[in-house]
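Asker: First the structure, which I've put down as C-alpha cells, then a few questions once you've had a look.
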Amino acid sequence: MRLLLACLSLFALASPATAQITAQTPQVIATLPHDTDAFTQGLFWHDGQLIETTGQYGESRLRVIDPDTGIARTEHTLSQRYFGEGSVVLDDRIYWISWMAGEAFVFDSESFEPVETFTYSGQGWGLTTDGTHLVMSDGSPQIVFRNPSDFTIDRVLTVFFNGRPLAQINELEWVNGEIWANIWQTRWIVRINPQTGAVVGAIDLETLVPAELRYNRDHVANGVAYDAQTGRLFVTGKNWPVLYEIALPAPRPDTTAEPTP
C-alpha cells in the first residue's frame, strides 16, 4: 500500500518526515453502472436514491439516479454559462454550487423545482453538510461552514496534512463525524477531523480506477455518497463507467513512500 504522503508531494506539501496516517484499500461490495457522460462533481444519498451533480459548461446536470441501473429518473440542466460543482441535501432543500460564477442554486428536494439562488465570493468545488451547516471547499486548504439560510460563513477550517496546509480539496461527504474529501487529480480520499482540520486517514482508490482512465488526470476519482441509515458507501469518478458500493477494512499505518499519485 502506498502512503498518502507520496501523492501529496505532487502539491509540494510533503514533509521529509513520514506521517503516521492510516491508509485503507476498499473492498468492492457491488459494481453498478454509471453514465460515462457524467463529469461527476457532487454525489449524495437521499431517500433511497443517489443524487449526482455534474460539471462542464453546457453539460452541468442535477440527476436523480436509480443506483441499481445507473439511469437518471430526473434531470435538471443548468444554463450554459454555469459550470456545476458539488451538491448536498439539507432540510428538504438541495444546494448546488457553481465553479467560477459565485452562485449557489437551491431546489426543493421533492419536486426538484428551483427555490432560490445565493451568491458568494471565490470558487465553488465540493459541498456536504454536518446536519446544521453547509460545508464547502474551493480547492484551497480551507473548508468553510455556511449558514444554509443565507449562505454566509460561520466558520473557516484549515486542513492540514503532517503539519502543512493541504490544497486541492474537492468533493466532500460527511461520514460518521468526519469530512471525507477527494483530492483533485489523484486517486485519494482523505478523512478530516472537522474540529481540528487534521487529516486522520486516507482511502486509496487505485484498484477501482477503470483501466482506460488510469492515466487521465481529469477523469479521476470524484464522488462519495454515504447512506447514514444503513452505512452503505458509494464512490465513482469523472466519466467513469462504474459506480462502486464499497466497504472499508480496518485501517493500518502505512509508512512506505512512493513519488506517484
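Asker: What number of residues in region 74-96 are closer than 18 Å to Thr132 by Cβ and of a type in the set (Val, Ile, Thr)? Please lay out each step first, then the result.
Answerer: To start, the set of residues in region 74-96 that are closer than 18 Å to Thr132 by Cβ comprises 86-95.
From what's left, of a type in the set (Val, Ile, Thr): 88-89, 94.
The number of residues fulfilling the criteria is 3.
Asker: Follow-up. So which residues in region 108-144 are within 14 Å of the chain's Cα centre (by Cα) and of a type in the set (A, V, I, L, M), if there are any at all?
Answerer: Scanning region 108-144 gives Leu127, Leu134, Val135, Met136, Ile143.
Asker: Does region 248-260 include one or more residues that are modelled with pLDDT of 90 or more and assigned to a strand (DSSP E or B)?
Answerer: So in region 248-260, the residues modelled with pLDDT of 90 or more come out as none.
Scanning region 248-260 turns up no residue that is modelled with pLDDT of 90 or more and assigned to a strand (DSSP E or B).
Asker: How many residues, within region 174-229, are over 24 Å from Phe160 (Cα atoms) and small (Gly, Ala, Ser)?
Answerer: 2
Asker: Would you please list the contacts, defined by Cβ atoms under 9 Å and residues six or more apart or on different chains, that run from a residue in region 133-154 that is over 15 Å from Thr119 (Cβ atoms) to a residue that is surrounded by fewer than 20 Cβ atoms within 10 Å (Cβ to Cβ) and among the acidic types (Asp, Glu)?
Answerer: Matching pairs, first to second residue: His133/Asp154; Phe145/Asp130; Phe145/Asp154.
Asker: Condition first: open to solvent by 30 Å² or more (accessible area, probe 1.4 Å) and in contact (Cβ under 8 Å) with a residue 60 or more places away in the chain. Can you find one or more residues in region 172-180 that meet it? I'd like the intermediate steps shown before the answer.
Answerer: Our first condition is that a residue be open to solvent by 30 Å² or more (accessible area, probe 1.4 Å); within region 172-180, this holds for 174, 176-178.
Applying the additional criterion that residues be in contact (Cβ under 8 Å) with a residue 60 or more places away in the chain yields none.
No, because not a single residue in region 172-180 is open to solvent by 30 Å² or more (accessible area, probe 1.4 Å) and in contact (Cβ under 8 Å) with a residue 60 or more places away in the chain.
Asker: Being of a type in the set (A, V, I, L, M, F, W, C), in contact (Cβ under 8 Å) with a residue 60 or more places away in the chain and open to solvent by less than 10 Å² (accessible area, probe 1.4 Å) is the requirement here; does Ala247 meet it? First the steps, then the outcome.
Answerer: Values: of a type in the set (A, V, I, L, M, F, W, C): yes; in contact (Cβ under 8 Å) with a residue 60 or more places away in the chain: yes; open to solvent by less than 10 Å² (accessible area, probe 1.4 Å): no.
Criteria not met by Ala247.
Asker: Let me ask something else. Collect the residues in region 28-69 that are closer than 13 Å to Tyr244 by Cα, open to solvent by 10 Å² or more (accessible area, probe 1.4 Å) and not in a loop (DSSP other than H, G, I, E, B), keeping them in residue-number order.
Answerer: Residues satisfying the conditions are Val28, Ile29, Ala30, Thr31, Leu32, Pro33.
Asker: Report whether or not Gly124 is crowded, with 17+ Cβ neighbours inside 10 Å and in a loop (DSSP other than H, G, I, E, B).
Answerer: On the way: crowded, with 17+ Cβ neighbours inside 10 Å: yes; in a loop (DSSP other than H, G, I, E, B): yes.
So Gly124 passes the test.
Asker: Condition first: open to solvent by less than 30 Å² (accessible area, probe 1.4 Å), free of Cβ contacts under 8 Å to residues at least 40 places away in the same chain and within 16 Å of Ile169 (Cα to Cα). Now tell me which residues in region 199-227 satisfy that. Steps first, answer last, please.
Answerer: From region 199-227, those open to solvent by less than 30 Å² (accessible area, probe 1.4 Å) are 199, 201-205, 208-210, 213, 220-225, 227; that's our starting set.
Filter once more, keeping what is free of Cβ contacts under 8 Å to residues at least 40 places away in the same chain: 209-210, 213, 220-221.
Residues satisfying the conditions are Val220, Ala221.
The values are calculated or read from the model by the stated rules, or taken from the named source; none is laboratory data. Because the structure is a prediction, the values reported are computed rather than measured. Cβ atoms come from the backbone with ideal geometry, glycine included; neighbour counts cover every protein chain shown. Surface accessibility is based on the protein's heavy atoms, side chains included, excluding ligands, DNA and RNA. Shrake-Rupley method; radii C 1.70, N 1.55, O 1.52, S 1.80 Å.
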